[in-house]
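Note sheet for the following structure.
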Amino acid sequence: MIAVVVSSVVGAGLCSAGGLKLANRFAKTPEGWRWVAELSVMTAILAITFGICLSRHGIAATLLLLPLAVLGSAAAAVDARQLRLPDPLVTSLALTTIPVLVLARPILGSDPAAVNPVLLWGLALSGTLLVLIPAGWGWGDAKLVPILSCWIGIAGIPAALAAATYSAMSIAMLAVWRSHWDGAGTAIPYGPAIVASTLIAWATA
C-alpha cells in the first residue's frame with residue numbers, strides 16, 4: 001500500500017511538472033496563488049488517478065495513462081489560462097492515442113472495436129455543442145472530445161457514461177467558481193474538466 005501511495009505521488013509530481021513545462025511554451029505561467037493552485041490541483045488529480053489505477057489494474061495499465069497525464073494536463077493548463085487548446089498539444093495527444101489503442105488489447109484485454117460507439121458518441125456530442133454554443137465550445141474542445149472518447153472507449157460504455165457524468169459535474173462546479181471569482185458570464189475552460197474526468201473514469205473502470 002505504501003509503495004502504491006509513494007509511486008502515485010512521485011509519478012503525479014513528475015507528470016505535473018512535465019505537463020506544466022509544456023503548457024508554459026504556449027501560455028504564460030500564472031503568478032502567485034494561481035500557479036500554486038494549478039500545480040496542486042493537477043498533482044492531486046494525477047496522484048488519485050495513478051493510485052486507483054495501480055491498485056485496480058497494475059503498473060502496465062498505469063503506464064498507458066502517461067501520455068494522457070502529461071499532454072492532457074498541459075492542454076488543460078493552457079485552456080485554464082487562456083481559454084484555448086493549442087493544436088500541437090491536441091495533435092500530439094491524438095498521435096499517442098494510436099499506440100495506446102494497440103497496446104490496450106494485450107494489457108487490458110479490451111477489444112479495440114469497443115471504441116467505435118464511444119467515438120461516434122463523442123463526435124456527435126462535440127459537433128452538436130459546436131453548433132449550439134459556438135461562443136463557448138471552441139474548435140479545440142471539438143477536437144479534444146473525440147480523442148478522449150477513444151481513450152475512455154477502451155474501458156467500455158460504463159466508463160464513458162461515468163466520464164460524461166464527471167465532466168458535467170466538473171463543468172458545473174467550474175462555472176460556479178468562475179462566476180464567484182471573475183463575475184457572471186465569464187467564459188469556462190472545458191478542457192480541465194473533461195481531461196480530469198477521463199483520467200479518473202479510466203482508472204476506476
Original post:
Could the peptides 157-164, 195-202, 2-9 be put in order, highest first, of the mean number of other beta-carbon atoms found within 10 Å of their residues?
Top reply: 195-202, 157-164, 2-9
Original post:
From the list (i) 1.15; (ii) 0.97; (iii) 1.29, can you say which value of Cα Rg over 2.2 N^0.38 Å was derived from the structure given?
Top reply: (ii)
**OP:** Would you work out which of VAL10, ALA61, THR29 lies farthest towards the positive end of the dipole of segment 1-111? Charges go on Cβ: Lys and Arg +1, Asp and Glu -1.
**Re:** THR29
Subject >> Helical contribution to [θ] at 222 nm, DSSP H n ≥ 4, -39,500 (n - 2.57), averaged over the chain, rounded to 500 >> reply: -27000 deg cm²/dmol
**OP:** Mind putting a number on the dipole of the chain about its Cα centre? Charges go on the C-beta only, +1 for Lys and Arg and -1 for Asp and Glu, and I need it in Debye to the nearest 20.
**Re:** 200
Original post:
Among TRP139, PRO117, ALA160, which residue has its Cα positioned farthest towards the positive end of the charge dipole of the chain, with +1 placed on the Cβ of Lys and Arg, -1 on the Cβ of Asp and Glu, and the dipole taken about the Cα centre?
Top reply: TRP139
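All of the numbers you see were taken from the coordinates with simple rules; none came from a lab. Bear in mind that the values here come from a model prediction, so they are computed numbers and not experimental data. Positions of Cβ are generated from backbone atoms using ideal geometry, with glycine treated the same way; all protein chains shown enter the neighbour counts.
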